[in-house]
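See below for the structure under consideration.
Read-outs throughout are calculated quantities, based only on the coordinates presented, and are distinct from any laboratory measurement. A quick note: this is a predicted structure, and the numbers were derived from the prediction, not measured. Every residue, glycine as well, gets a Cβ built from its backbone with ideal geometry; the counts of neighbours run over all protein chains shown.
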Amino acid sequence: MGKGKRGGKREARGERWEGNFYGNSENHKNQCYLRPLFSYICSMKIAKLNDGPEIFYTIQGEGKNMGRPSIFVRSSLCNLHCIWCDTDYTWNWEGTRFAHVKDADPAYQKFRMEEQIVEMTEEEIAAEVLKYPCKNLVLTGGEPLMQQLEWMALMKILWESDNDYFFEVETNGTIKPIPLFNMYIDQYNVSPKLANSHNKESLRLKPEALAYFAESPKSIFKFVLNKEEDFTEVQALIHTYQLAPNRIYLMPEGTSPADLTTKQQWLVELCKQYGFNYTDRLHVHIYGAKRGV
Ligand code: SF4
C-alpha cells in the first residue's frame, strides 16, 4: 500500500499522540511528562522462546491474510483459558486450576510464569521487528489487548519509521480497544470462543466488545470449530451481531495436519452453503506444531 493512501491515517495517528503521552515525538522517552505512567507503558510482557522474545518472521497462517509474509510478536498473558489452546505457555501458570487437553499427558506440566515471560521496552521490541524486511506486523498472544498501551508505544515507533506498516491483531474479542490503540490498527482478526473452548460463556462472550468489533469495518471474524455441532453457536453469534458472510472465516481446530484435514470437508461444505470463507492453519501444514515459525 502506498504512502499516499495512508496520509489520512498518518495525520490522525500523529495528532492523537502529540500532547497525550509525550511532549515531543522525538526522543519521546526522555521528554515524557507522565513519567510514572510511561515507566509502566514501556515494559511489555512478551512470550519467551529459547531465552529470547517470541518475535519471528514467517507467513500469516490463518484468516484473511493467510499466506502473507508477516512478523509476529507474541505477547504473554490471556484472560481466557481455552482447553485446546496451543499457546498455553502464555497463561497456564502453576497454581491455577485451568484444565487443558494436555493434562492427560503425564509429561505435561503447568508453566512457571517467570520462566515464560520476557519484559522488554517498546524500543527493544521495535529493534527486533526492524531487523526483518517486512511491513506486516501481527500482534498476537495470549490476548494482545491486555497490553494496549504497550502495543501503542511500539506501533508509534514502527509507524514513524515507515508508515507502510500494516498492523493486524489476533484477539479473542472480549476486550474493547481504546481509541488510541484502534487508531493504529488496520485489521482485527476477532476469534470469539465457543463452548468447545471450555471457558464460561460470561467470560468468553462480552457483548459490548463484540458489538464494537461487529461495527468496526476493520474486523473479520474467525471461528474455531471442532465438531459440526459447533456451527449452531456460530450461527447464533452471526445473527446476534448481524455479521455479513464475507467477514466470516471458519477454521478447523487442530495442531497437526491430520487434525485439520479431517475437519476440512464439512467446514468447506458449510462455507459453500453460507458464503463464508474457509481458513486453514497453513503454518501447521508447513511447519507442524512448532513455536516461532
Ligand atoms: S483466547 Fe487464544 S491465547 Fe487465550 S486461551 Fe484461548 S486460544 Fe489461548
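Summary of values
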item	result
Highest-fluctuation residue, LEU267, LEU203, LEU149 considered, GNM on the chain with Cα pairs under 10 Å	LEU203
Residue of GLY254, GLY95, GLY142 that the Gaussian network model of the chain assigns the largest fluctuation, springs spanning Cα pairs under 10 Å	GLY95
Linear extension gain, SER161 paired with TRP266, 0.36 nm per residue minus alpha-carbon span	33.3 nm
Computed lengthening from ALA99 to ASP86, 0.36 nm per intervening residue step minus Cα-Cα distance	3.4 nm
Among ASN182, ASN199, ASN50: highest mean-square fluctuation, GNM of the chain, C-alpha pairs under 10 Å	ASN50
Loop-located trypsin sites (Lys or Arg not before Pro) in region 130-177, at most 11 other Cβ atoms within 10 Å (DSSP)	LYS131
Magnitude of the charge dipole, region 140-293, Cβ model with Lys/Arg +1 and Asp/Glu -1, debye to 20	220 debye
Relative counts (whole %) of C-alpha pair distances in region 154-290, using bins that are 10 Å wide	11, 38, 34, 15, 2
Value in Å of the Kirkwood radius, where region 155-219 supplies the Cα pairs that are averaged	12.9 Å
Calculated diffusion of the chain, Stokes-Einstein form, Kirkwood radius summed over Cα pairs, 25 °C and 0.890 mPa s, µm²/s	123 µm²/s
Diffusion coefficient, µm² s⁻¹, Stokes-Einstein with Kirkwood Rh over alpha-carbon pairs of region 48-207 at 25 °C and 0.890 mPa s	148 µm²/s
Unsatisfied cross-links (Cα-Cα over 24 Å) in the set LYS135/LYS206; LYS102/LYS131; LYS131/LYS156; LYS193/LYS263; LYS131/LYS222	LYS135/LYS206; LYS102/LYS131; LYS131/LYS222
